[in-house]
Amino acid sequence: PTKAAANVVERRIRTTYGPERAFQFALFSESGLEVKNNGETVGNVFANGSVVLTNNSGVRGSVISATGTVQLDNNATVRKDDGEGGDVRSGGFDLGGLWGVQMQGGSVVEGSASARAEQCPGGVADDSRYNISNAGVIQGNAIARGNINGNVQGSKTPFSCVEREATRQLPEYHYDPSLYPNPLEYGSAPDAEGVRTGARTAFQTWVAGHQSSMTGTHRVMDEGCRNAPSGSTSVLELGGTTITGDFTLVTNCRIDFSNNSSYAGSPDGYVTIVSLNPSTSPAAVDIKNNFEIPNPGPAILMYSTGLIQVKNNPDANGAVFAGSISFKNNMDVTYDPRVERTVGFGSKRYERISWEEIPAS
């Protein structure tokens, strides 16, 4: 057959393409994750390492540790969100206390709890390792490779082996200037790695002139931040700034949002913060003291290959993905599906999301 054949049949297809679905958790840590002091997370939480929730911290969703333990201390809770989730799953054991899931006084798991093992069937020693140590309340079922104690309102299934969940890696970021409207680069001409001399200083000059009206896409790849990622001169200072519209920052520097930064733009806006900096001490992204986001507010994606540390009263809708995460003092995060597909992330530029056949008429 050819396109010129007398009996040719034509089909019309409408397709939708977009970035990969890279962000499907409210909180994601490539290592461990800690939330302290009254923070509430709405959405699922995942860490390759251990997860610690303490001092009235709550999750409305499920909490998963692929290879570590899950610890709920001092009235920490894991509850269902619109009737779904509320589960806790661990994948390792604590060398000191020999438990996979540990719940202290006042803690609640509204769904089910599972202390899973590295492999099944495992050895005899595993019977005393992957335990559920429960001084709180599990309202659903409990299953463990080891023992189970405490208040379980559903069924108890001790000494039953379920293999732990697979580990996950941070979505890869690939910069492509054609994905952004009028992106700004800073510093001298780039070297072979796209890194520039003086980028950090030039960006700080821009910030000084736009402190109360930050918008646009900014790429700050600085030679000093590459050579000394944890150094004292490898940080972008964004304290006291106000974002007033769509804002994207991509950098290999550390980022410090300290003291009364805020957002004052449309609730339809997007804020994407990408720190390709591996520092964990100090944090690659440090947010503290009243980072004010209105509700309803923009979709915010915080991404770093290092530590993201947040303190003191910030709230956000979106997702936080990092090498490691530490939240303290009234930090609330509500997952926003608008960040699920964010440009620049994933193994390919776009993927097909859907297609439908359009009638020939």
Selection status of residue 151, more than 19 Å from residue 44 (Cα to Cα) and open to solvent by less than 30 Å² (accessible area, probe 1.4 Å) | no
Condition check for residue 329: on the phi > 0 side of the Ramachandran plot, surrounded by fewer than 24 Cβ atoms within 10 Å (Cβ to Cβ) and either within 16 Å of the chain's Cα centre (by Cα) or not basic (Lys, Arg) (or both) | yes
Six or more apart or on different chains, Cβ under 6 Å: which pairs go from a residue in segment 284-303 that's open to solvent by less than 60 Å² (accessible area, probe 1.4 Å) to one that's among the charged types (D, E, K, R)? Could you list them?
-> 284/254; 286/256; 288/311; 293/315; 299/336; 299/338
Looking at segment 90-113, which of its residues are open to solvent by 10 Å² or more (accessible area, probe 1.4 Å) and closer than 14 Å to residue 157 by Cα?
-> 112
Give the residue that is farthest from the chain's Cα centre (by Cα), with candidates limited to residues of segment 23-41 that are closer than 14 Å to residue 335 by Cβ and open to solvent by 20 Å² or more (accessible area, probe 1.4 Å).
-> 40
Scanning segment 295-317 residue by residue, those of a type in the set (S, T, N, Q) and under 17 Å from residue 266 (Cβ atoms) turn out to be 295, 317
Quick one: is residue 216 open to solvent by less than 60 Å² (accessible area, probe 1.4 Å), farther than 20 Å from residue 304 by Cβ and out of contact with any strand residue (DSSP E or B) (no Cβ under 7 Å at 6 or more places or on another chain)?
-> no
Qualifying strands (runs of 3 or more DSSP E) (wholly inside segment 172-266; at least 3 residues being among the aliphatic types (A, V, I, L, M)) | 242-251
Please verify whether segment 54-65 includes one or more residues that are more than 24 Å from residue 311 (Cα to Cα) and either of a type in the set (A, V, I, L, M) or within 18 Å of the chain's Cα centre (by Cα) (or both).
-> no
Among the candidates 197, 167, which residue alone is surrounded by fewer than 16 Cβ atoms within 10 Å (Cβ to Cβ) and within 27 Å of the chain's Cα centre (by Cα)?
-> 167
Identify the residue in segment 267-283 that is assigned to a strand (DSSP E or B) and free of Cβ contacts under 8 Å to residues at least 60 places away in the same chain and, among all such residues, is farthest from residue 31 (Cα to Cα).
-> 271
Would you say residue 46 is touching a Lys or Arg at 6+ places or on another chain (Cβ under 9 Å), under 17 Å from residue 111 (Cβ atoms), among the aromatic types (Phe, Trp, Tyr) and open to solvent by less than 10 Å² (accessible area, probe 1.4 Å)?
-> yes
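The values are calculated or read from the model by the stated rules, or taken from the named source; none is laboratory data. These numbers were taken from a predicted model, which means no experiment stands behind them. Every residue, glycine as well, gets a Cβ built from its backbone with ideal geometry; the counts of neighbours run over all protein chains shown. The area values use the complete protein model at the heavy-atom level, side chains included, leaving out ligands, DNA and RNA. Shrake-Rupley method; radii C 1.70, N 1.55, O 1.52, S 1.80 Å.
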